[in-house]
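S.K.: The structure under discussion is supplied below as structure tokens; questions concerning it will follow.
Readers should treat all values here as calculations from the given coordinates under stated rules, not as data from a laboratory. Source: prediction; values computed, not measured. Heads up, the Cβs are rebuilt from the backbone with ideal geometry, glycines too, and the neighbour counts pull from every protein chain shown.
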């Protein structure tokens, strides 16, 4: 079950390997369920994984805005008129436990997603996501 109501049945090869490809046509959150029934015992083993299909550019802007909201909750004032580089300076002065490179990647990722016209790649998104995770993990 791919999380979009499509159920497929697969058979393993003689080595127990199973391969499948699925294309998700819409953005959103999906839960992938997988079950395996052993031939000999008949025992069923199941697992699941939640995935999100996103537009990288939109998601990078959303992640940046999430950081801004969290900063405001812990009384780090961020004005709507502030530039990303002004926000970077505030973050570097107030979040001493966070490496400056992480903060720079966060700001650069937002600027690229929000202001550039070239395609934003999965690698761009992953760098931004990791930076946001590190900042949020710091306790904001």
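S.K.: Give me the tail of P(r) for region 1-53 as a percent: Cα-Cα pairs with distance above 16 Å.
M.R.: Looking at region 1-53, the distances longer than 16 Å represent 50 percent of pairs.
S.K.: Distance between Cα centroids, region 1-69 to region 94-140: provide it in whole Å.
M.R.: 26 Å
S.K.: Ranked highest first by average number of other Cβ atoms within 10 Å, how do 32-42, 107-117 line up?
M.R.: Descending mean neighbour count gives 107-117, 32-42.
S.K.: Separate question: Defining a contact as two alpha carbons under 8 Å apart and six or more residues distant in sequence, what relative contact order in percent does the chain show?
M.R.: Averaging sequence separation for qualifying contacts and normalising by length gives 20 percent for the chain.
S.K.: I would also like to ask the following. Note the angle between two axes, namely the Cα long axis of helix 100-115 and the longest principal axis of the Cα atoms of the chain, as a number of degrees from 0 to 90, rounded to the nearest 10.
M.R.: The answer is roughly 80 degrees.
S.K.: Here's something else I'd like to know. Can you tell me the 0 to 90 degree angle between the C-alpha axis of helix 122-137 and the longest principal axis of the chain, rounded to 10?
M.R.: Taking Cα atoms only, the helix is inclined about 70 degrees.
S.K.: Take every Cα-Cα pair in region 58-140 and report what % of them are more than 16 Å apart.
M.R.: 45 percent
S.K.: For every helix of n ≥ 4 consecutive DSSP H residues, a contribution of -39,500 (n - 2.57) applies; sum these over the chain, divide by its total residues, and give [θ] at 222 nm rounded to the nearest 500 deg cm²/dmol.
M.R.: So the calculated ellipticity at 222 nm is -14500 deg cm²/dmol.
S.K.: Taking Cα atoms, how many degrees apart are the long axis of helix 56-73 and the longest axis of the chain, rounded to 10 and kept between 0 and 90?
M.R.: 60 degrees
S.K.: Right, something else. If neighbour count is taken as other Cβ atoms inside 10 Å, put 14, 50 in order from fewest to most.
M.R.: Listing 14, 50 from fewest to most nearby Cβ atoms yields 14, 50.
S.K.: Once P(r) over Cα pairs in 5 Å bins from 0, in percent is worked out from the coordinates, which option in (i) 2, 8, 15, 16, 12, 10, 9, 8, 8, 6, 4, 2, 1, 0; (ii) 2, 10, 15, 17, 15, 12, 9, 6, 4, 4, 3, 2, 1, 0, 0; (iii) 2, 10, 19, 25, 23, 16, 5, 1 does it equal?
M.R.: (i)
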